[in-house]
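Heads up: the structure comes next, in structure tokens.
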Amino acid sequence: MRFEVLTIFPDMFPGPLAHGVTGRALQNGRITVMVHDLRTYTHDRHRQVDDVPYGGGAGMVLKPEPIFEAVHGRHGTGPVILLSPQGEVFTQVVAHDLAAHDDLYLICGRYEGVDERVAEFLVDRELSIGDFILTGGELAAMVVIDAVSRLRTGVLGAEASPVDESFVDGLLEYPHYTRPPVFEGHAVPEILLSGHHAEIEKWRRAQAKARTQQRRPDLSRDQ
Ligand code: 9D3
């Protein structure tokens, strides 16, 4: 899968994506990240990517022309996505949706925002990664690339298959333990050492339900 990224900070990429599962996928070519510097699509002496907002107000707005020019010259044919705080929230369902395409074009916003004509007339989808304020769309783009990449065939490899226990059945995961059986006086729950697999399954299910109820009541469907 090819990810094209449009940004004023191309040096931020691949960043964390060069490590672990995505790092291996980049190395073996199952995914590629093609980074485009927004400034290369400007034509003025100062390579200006932003301008003052019409109507006044603080901060600067990303100009439409370089963004339109960059997208019109894209390699892929898949969805064009703007990362912005005004977007639809990126969820596992959206990740599955995006993973069905062979390429994505991700536009990273910065400053106060992006000229609205980009959102209205150029992009197919506007995504936010959640209700908190970032300084720009680059980290959000990396989050999307990470979550979508692991759903692609061959990316996870030997690691667990992308059956997303925590979201697909609407529950958080049960607690995990490994050796030692007692650490700084804290014992692993007895049941896990018992070898009673059916009982262990029941315990895990109960734990998953209890912590979902407590921590994420919004995820609690009737299970
Ligand atoms: C501080 C300026 N804000 C006014 C109250 C508006 C604003 C503009 C640009 C807030 C954040 C940003 C930069 N954020 C993103 O580009 C972004 C983002 C985010 O901030 N949160 C969650 N998902 C995303 S995706 C892109």
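Nothing in this text is a laboratory measurement; each read-out follows from the coordinates by a stated rule. Bear in mind the structure is a predicted one, so any value in this text is a computation, not a measurement. Methodologically, a virtual Cβ is constructed for each residue, glycine included, from the backbone with ideal geometry; neighbour enumeration extends over all protein chains shown.
The Cβ shell under 11 Å around Glu4 holds other residues with a net charge of +1, Lys and Arg each +1, Asp and Glu each -1. Pair-distance distribution of the chain: all C-alpha pairs, bin width 10 Å, starting at 0; shares per bin in whole percent are 7, 26, 28, 19, 12, 6, 2, 0. Comparing Leu139, Ser220, Ala95 along the charge dipole axis of segment 88-223, the residue lying farthest to the positive side is Ser220, per the Cβ-charge model.
Taking only the alpha carbons of segment 1-84, we obtain Rg and Dmax values of 15.3, 49 Å in that order.
Build a GNM of the chain with springs between Cα atoms under 10 Å apart, and of Leu171, Leu82, Leu193 the one that fluctuates most is Leu193.
Taking Cα centre as origin and charging only the Cβ of basic (Lys, Arg, +1) and acidic (Asp, Glu, -1) residues, the dipole magnitude of the chain rounds to 620 debye.
Rounded to 0.05, the FRET efficiency of the Met60 and Val93 pair, given R0 = 45 Å and the Cβ-Cβ distance, is 0.85.
Computed over the chain with a Gaussian network model linking Cα atoms closer than 10 Å, the most mobile of Glu138, Glu173, Glu184 is Glu184. One compactness figure for segment 167-223 is 1.28, namely its Cα radius of gyration divided by 2.2 N^0.38 Å. Using a Gaussian network model of the chain in which every pair of alpha carbons under 10 angstrom is joined by a spring, one finds that among Asp146, Asp169, Asp37 the greatest mean-square fluctuation is at Asp169. The distance separating the Cα centre of segment 202-220 from that of segment 10-86 comes to 39 Å.
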